[in-house]
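Taking it in order: structure first as structure tokens, then the write-up.
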Amino acid sequence: MHREETNQLDFVLLSEMLEQQYCITFNDTGYTKAEWLDRFGDMPMNEAISAYADKYNLTPIKALLKFQI
């Protein structure tokens, strides 16, 4: 999600990916777009999401699904 290429659609996609992987939206992160870009803007989107999840110790949805009965 490189800063110079970022647009509104990138944040829509980011929110969708966060929701698919961690059941949260971009708004749930507590970051503004500028804050997200300052922190994660130099990373590809998948790496940025992973870095965010690691920072806040998030558990991916698919890890939880394997524990369902």
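Evaluating Asn27 against the criteria (1) of a type in the set (S, T, N, Q); (2) assigned to a loop (DSSP other than H, G, I, E, B); (3) at pLDDT 95 or above leaves one unmet condition, (2).
Here region 52-66 is the region considered, the condition is being aliphatic (A, V, I, L, M) and in contact (Cβ under 8 Å) with a residue 12 or more places away in the chain, and the residue that is surrounded by the fewest Cβ atoms within 10 Å (Cβ to Cβ) is Ile61.
Pairs meeting the criteria (first residue in region 23-38 and touching a residue at least 40 places away in the same chain (Cβ under 8 Å), second residue in a loop (DSSP other than H, G, I, E, B), beta carbons under 7 Å, at least 6 apart or on different chains) are lacking.
Ala63 meets each of the listed conditions (1) modelled with pLDDT of 95 or more; (2) more than 9 Å from the chain's Cα centre (by Cα); (3) in a helix (DSSP H, G or I) apart from (1). Would you check which residues across region 26-51 are closer than 21 Å to Leu65 by Cα and surrounded by 14 or more Cβ atoms within 10 Å (Cβ to Cβ) and list them? Within region 26-51, Ile49, Ser50 meet the criteria. Scanning region 1-13 for any residue that is modelled with pLDDT of 95 or more, acidic (Asp, Glu) and not in a loop (DSSP other than H, G, I, E, B) turns up nothing.
The values are calculated or read from the model by the stated rules, or taken from the named source; none is laboratory data. Note that the coordinates shown come from a computational prediction; the quantities given were computed from them, not determined experimentally. Backbone-built Cβ (ideal geometry, glycine too); neighbour counts: all protein chains shown.
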